[in-house]
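Student: Can you keep this structure in mind? I'll have questions shortly.
The values are calculated or read from the model by the stated rules, or taken from the named source; none is laboratory data. These numbers come from a predicted model, not from an experiment. Heads up, the Cβs are rebuilt from the backbone with ideal geometry, glycines too, and the neighbour counts pull from every protein chain shown.
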Amino acid sequence: MTAPRAPHHRLDGPESAPPLILGPSLGTSLAVWQPQLPGLTRGHRVLRWDLPGHGGSPADLLPGEEATVGRLAGLVLAAADRQGWDRFGYAGISLGGAVGAYLAAHHPERVEALAVVCSSARFGEPSGWHDRARLVRERGTAPLLETAPGRWFADPAATARTPWGATVLDDLAETDPRGYAACCEALAGYDLRDRLAGIAAPTLVVAGRDDPATPPPHARELADGIPGADLLELARAAHLAGIERPAAVTAALAAHFAPAPAADPRPTDPRGN
């Protein structure tokens, strides 16, 4: 089998800082992480990547057989290998979060810490995703633009007019239908529920309380299934919680991925001196 090609990606932050990879949600580009970038690049070398047919990644990034979340995870590993990163932190939104959970479950030696944002261990019945893939192949992403604000934002009218809200909607309009449909097929075949208990990386699960795409019970299933996982539920946030609650999401991720404090090199005096 041909080795996976690295997806289109962008690097920010100090070159010597610990690596952190950020994965996007379906229908968006790496720009979906722009609100978090200033905060996360203070302490990390951040790599953001694009799904097939999204942003700068070509639609045929996964040629041949059907797309799967496992194959998308292979793209991330190819990007990490290009940087020489044996281990890295990973945060992902929705489908990007599923890729991170898959990596943590199947390649635990690579994932230092994990955050899944508005994601799931299983994204509903496969038939719905196959139907959406057919729709997009036939008519493009234009029909999705009518309903996306209601799925993505708790306050659709207001958030869609903000610069970040407008950017992600433009991303959806410009997404290649072939790449979008392939990602739908990947979501249709994804079910990580029986592997959650094997995830050993320190994990943060973030949910939007108004998220209709991956409602809070999906986040609770992840947090309950992953040993030691922390759960943060955000009010006034839907599927793109990082767009609507940028400060809260940035603070939670920065704290979760903060390097552990160095151990005190001084010997311990048993007398307490």
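Student: Tally up the residues in the range 152-173 that are surrounded by fewer than 13 Cβ atoms within 10 Å (Cβ to Cβ) and closer than 16 Å to L26 by Cβ, please.
Tutor: Qualifying residue count, the range 152-173: 0.
Student: Need a quick list: helices (runs of 4 or more DSSP H) entirely within the range 151-213 having at least 1 residues that are of a type in the set (S, T, N, Q).
Tutor: Filter on the range 151-213 gives 156-159, 163-174.
Student: So in the range 81-110, with the set limited to residues that are in contact with a strand residue (DSSP E or B) (Cβ under 6 Å, 6 or more places away or on another chain) and surrounded by fewer than 24 Cβ atoms within 10 Å (Cβ to Cβ), which one is farthest from A254 (Cα to Cα)?
Tutor: If we take residues in the range 81-110 being in contact with a strand residue (DSSP E or B) (Cβ under 6 Å, 6 or more places away or on another chain) and surrounded by fewer than 24 Cβ atoms within 10 Å (Cβ to Cβ), then W85 is farthest from A254 (Cα to Cα).
Student: Return yes when L26 is buried (at least 24 other Cβ atoms within 10 Å of the Cβ), touching a Cys at 6+ places or on another chain (Cβ under 7 Å) and of a type outside the set (D, E) and no when it is not.
Tutor: So L26 passes the test.
Student: So in the range 60-72, with the set limited to residues that are surrounded by 16 or more Cβ atoms within 10 Å (Cβ to Cβ) and part of a loop (DSSP other than H, G, I, E, B), which one is modelled with the lowest pLDDT?
Tutor: If we take residues in the range 60-72 being surrounded by 16 or more Cβ atoms within 10 Å (Cβ to Cβ) and part of a loop (DSSP other than H, G, I, E, B), then L62 is modelled with the lowest pLDDT.
Student: Could you tell me which of the residues G96, G84, G64 is of a type outside the set (A, V, I, L, M, F, W, C) and in contact (Cβ under 8 Å) with a residue 12 or more places away in the chain?
Tutor: Of the residues listed, the single one that is of a type outside the set (A, V, I, L, M, F, W, C) and in contact (Cβ under 8 Å) with a residue 12 or more places away in the chain is G96.
Student: Sticking with this structure for a sec: What number of residues in the range 216-254 are touching a strand residue (DSSP E or B) at 6+ places or on another chain (Cβ under 8 Å) and in a loop (DSSP other than H, G, I, E, B)?
Tutor: 8
Student: Further, regarding this structure: When you check L75 against the structure, is it in contact with a Leu (Cβ under 8 Å, 6 or more places away or on another chain), in a helix (DSSP H, G or I) and without any contact (Cβ under 8 Å) to a residue 60 or more places away in the chain, yes or no?
Tutor: no
Student: Out of A133, A121, A104, report the one residue that is more than 23 Å from V205 (Cβ to Cβ) and of a type in the set (G, A, S).
Tutor: From the options A133, A121, A104, the qualifying one is A133.
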